[in-house]
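Heads up, the thing below is written out as structure tokens.
The values are calculated or read from the model by the stated rules, or taken from the named source; none is laboratory data. Only a predicted model underlies this, so the values are computations on that prediction, with no experimental measurement involved. Cβ sites come from the backbone with ideal geometry, for glycine too, and all protein chains shown count toward neighbours.
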């Protein structure tokens, strides 16, 4: 019997789409790599949102052309997670001043971080709560604005 007043979250909808796709492909169970791929996509989007904030403008936005710094592609980085190795695309800037906080330089293990990212967004926490949670757990300073930009970048991926 369905629960009353239940409103599905973005994550419920994403899970429904993934399961539907897997069933259409003839895979009756959710393979471990699906969760890893979700974490990889979320972390990549988070780092892109961080770079946008660092540069002061979003991708394809003409306002940013007056600055001296700009996007400079990506570098590949493989990190360990609870879902196995994840290959991330770490964004770069021309000046070389961008340092991502989600996955820091020289960090090779994100075992706890990927799970926390998914649970924070899924639980409906506010941007300030998420920023405080990340600061307490991982020592990463992020403003509520950064969290807001990150969630704005991630939600379309999950839909």
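Here are the numbers for this structure:
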quantity: Any chance residue 153 is in a helix (DSSP H, G or I) and either modelled with pLDDT of 75 or more or buried (at least 17 other Cβ atoms within 10 Å of the Cβ) (or both); calculated: yes
quantity: Residue within region 89-99 that is under 24 Å from residue 18 (Cα atoms), modelled with pLDDT of 85 or more and surrounded by 13 or more Cβ atoms within 10 Å (Cβ to Cβ) present; calculated: yes
quantity: Residue 112, sole failed condition from (1) at pLDDT 85 or above; (2) closer than 30 Å to residue 9 by Cβ; (3) exposed (fewer than 13 other Cβ atoms within 10 Å of the Cβ); calculated: (1)
quantity: Of all residues making up region 82-92, the number that are over 27 Å from residue 55 (Cβ atoms) and touching a helix residue (DSSP H, G or I) at 6+ places or on another chain (Cβ under 6 Å); calculated: 3
quantity: Subset of region 24-70 [within 21 Å of residue 97 (Cβ to Cβ), part of a helix (DSSP H, G or I) and at pLDDT below 80]; calculated: 63, 64, 65, 66
quantity: Qualifying residue in region 52-70 (condition: under 13 Å from residue 150 (Cβ atoms) and crowded, with 21+ Cβ neighbours inside 10 Å); calculated: yes
